[in-house]
1. Given a Förster distance of 41 angstrom, what is the FRET efficiency for GLU278 paired with GLN406, based on the Cβ-Cβ distance and rounded to 0.05?
2. Once label points are set 7 Å from the Cα along Cα→Cβ at both GLN16 and GLU170, what is their separation, rounded to one decimal in nm?
3. Please compute the length gained on full extension between PHE323 and GLU258, using 0.36 nm multiplied by the number of residues separating them and subtracting their Cα-Cα distance.
4. Pairs LYS139/LYS240; LYS56/LYS380; LYS74/LYS221; LYS153/LYS203; LYS343/LYS441; LYS153/LYS380: which exceed 20 Å Cα-Cα?
5. Decide, for the stretch 277-350, between rounded, prolate and oblate: order the square roots of the alpha carbon gyration tensor eigenvalues as a ≥ b ≥ c, take rounded if a/c falls under 1.5, and otherwise choose prolate if a/b is larger than b/c, else oblate.
6. Compute the helix-to-body angle for 311-327: its Cα long axis versus the longest principal axis of the chain, expressed 0 to 90° and rounded to tens.
7. Rounded to a whole number of µm²/s, how large is the Stokes-Einstein D of the chain at 4 °C and 1.567 mPa s, given Rh as the Kirkwood radius over C-alpha pairs?
8. For the chain, what does the relative contact order come out to in percent, with C-alpha contacts under 8 Å and a separation of six or more?
Amino acid sequence: MLKIEEIWQKACVVLQHEVTAVSYDLWIKSLEPLDYENGTLYLSTSSETAKQRVLKLHEQQIRTALTEIEPEIKDFVVLDPDEKENYLNKPEEVTEEVNKVTPLCNFNAKYTFDNFVVGNSNRYVYAAARGVAEHPFDKINPLFIYGGVGLGKTHLLHAIGNYLMKTNPELKILYVTCEKFTHDYVESLKSSKSQANSEYREKYRNVDVLMIDDIQFISNKTGTQEEFFHTFNDLYQNQKQIIIASDRHPKEIASLEERLRSRFSMGLMQDIQIPDFETRLAILQKKAQQENYSVKHEVINLIAERCDTNIRELEGMLSKVCFYASLTGKPSATIEDANEALKDVVLTTKQNLTSDRIIDCVCKYFSVTKDDLVGKKRTKEIVEPRQICMYLIYEMLDLPLVSIGQLFGGRDYTTVIHAREKISEMIKENNRMKVAINDLKSMATRT
Ligand code: ADP
Ligand code: MG
C-alpha cells in the first residue's frame, strides 16, 4: 500500500475536479492524513465546523476517491482537534486478556463537572448530566443533549464518564461518536465472518452505559438507524443507561426514523444554549486559571465581547492572545496583544462588511452560485439560501429594503420583508437555522 500522504495527495487531485473550488479551498484543504488502521484512513481537520461541513458536503466523494486510489481503504474518519488529541493519546492496543480489565474508552481528564462553568445558558443541562452521573439507571434515561457547535456537549458526556469511572469503576462505559458506531456497523457487515457481527453486537449491547456523541450524523443512514434502534431497545429493556448528544433537535435531523425520534424523547431532552456575556467571562477566567495564563481583566472582557457564539472559539482566542504575549516576553497579556492576536478574527467594522461579502459567504456555505442566488430559480435548494442572504444583509447592513430587493434581480421590497420575517421565525423555532445563521455571521465578519 502507498504511504497515506501519497494516497491523500492523489485523492486531492481527484477531489479538486469533483467539488467546487470554494469547497475545495474551504473544506478539503483543511484535511490532513493522520493514520491508517484496519481499512480506515484517519484524517484530521482544523475545527469541528470544518469537520461537519466536509462530512455533510463531500463524505461520499471522499470515500469514493480514496477507495478508487487504494482499495484497501474501506472507510475514513475525520477527527476534529479534540478528537485528534484523544486519538493520539489513546493507549496501545492490548491483548484480549488485559482488555477485560481495561476501561472501554478514555475520557478527557480536563472535561469534568468541576471544570464546567454553569450559567443561565447551561444550568438545566448541567443538572441533568450531573443527575445521570450521580444516579445512573434511574429516571433520566435516555438523556438527550442538544445544542450548537462548541457549547459543551462533548464536555458534559466526558464529565459523566469521568465521574462514573471514579464512583463506579466496575461499570462498563462506552463512549463513541456516531461515526465510529456507523463505521463499526459497516465493518461488521462487510466481514464475511458471522463472528464479526456478533462481536459488534457484543461490543455495543454488553455495556452498562452507552454514550453516543454527534448522533445527527445518523441522518440518511438507514441501516445504521435500524441497528441503533435495536441496540437502544436492548439496552433500554435491560435498564442500561443511554446518553446521546446532538447538534440539533431530533426533529431537525434529516430523515430520522420516527421510531428513533420517539425513543430519543422517552427520557429527558435538554438543550444547551449560547452562553451570555457573564458566563463567557467566567469561562475565560476559569480557563486562564487552569492554563496558568496571566491576562489583564480588560483583555478577558474584550474576548468575551467579541466571541459570542462558540466556547471553543472563545478558548482558542484566549490561548492565541496569551501566545502573542509570551512571544513579546510580557508578564501578562495586554490589550495590544489582544488586538494583534485577534486582528484576523475580530469583527470587521460595518464599513468593511458589504452585501457582496455576505452574498459570497452564503454561496460558499450552501455551495450555490451567485447567479442562482440572485436569479430567478425557485427550487427549494436556492430559495432558502436566498432568503437567508436577504435576512443577513438586512440584519448586518444598514441598507434600505428596496436596495436589498435590487441586489436580488430587482425583486420587490415586500419579498425582502417576507424573507426577513420567515427567517426570524425559523431562527426562534429551528436550531438548524440558528446554527446556520450564526455560522454565516461569523464567516462574514472575519477578515
Ligand atoms: P460541543 O461538543 O458542544 O461542540 P465541546 O464540549 O467540545 O462542545 O466544548 C468546546 C470547548 O468548550 C471545550 O474545550 C469545552 O471544555 C469548553 N466548554 C464548553 N462549555 C463550557 C463550560 N460551560 N465551561 C467550561 N468550558 C466549556
Ligand atoms: Mg462535540
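1. 0.45
2. Label-label distance for GLN16 and GLU170, simple model: 6.0 nm.
3. Taking 0.36 nm per residue and subtracting the Cα distance, the gain is 18.5 nm.
4. In this structure, LYS153/LYS203; LYS153/LYS380 exceed 20 Å between Cα atoms.
5. Oblate, since a/c reaches 1.5 and b/c is not below a/b.
6. 80 degrees
7. Here the translational diffusion coefficient equals 54 µm²/s.
8. Details: 603 pairs, mean separation 56.3, N = 447.
Across the chain, relative contact order equals 13 percent.
The values are calculated or read from the model by the stated rules, or taken from the named source; none is laboratory data. Remember, predicted model here, so these are calculated numbers, not experimental data. Backbone-built Cβ (ideal geometry, glycine too); neighbour counts: all protein chains shown. Heavy atoms of the whole protein, side chains included, go into the accessibility calculation; ligands, DNA and RNA do not. Shrake-Rupley method; radii C 1.70, N 1.55, O 1.52, S 1.80 Å.
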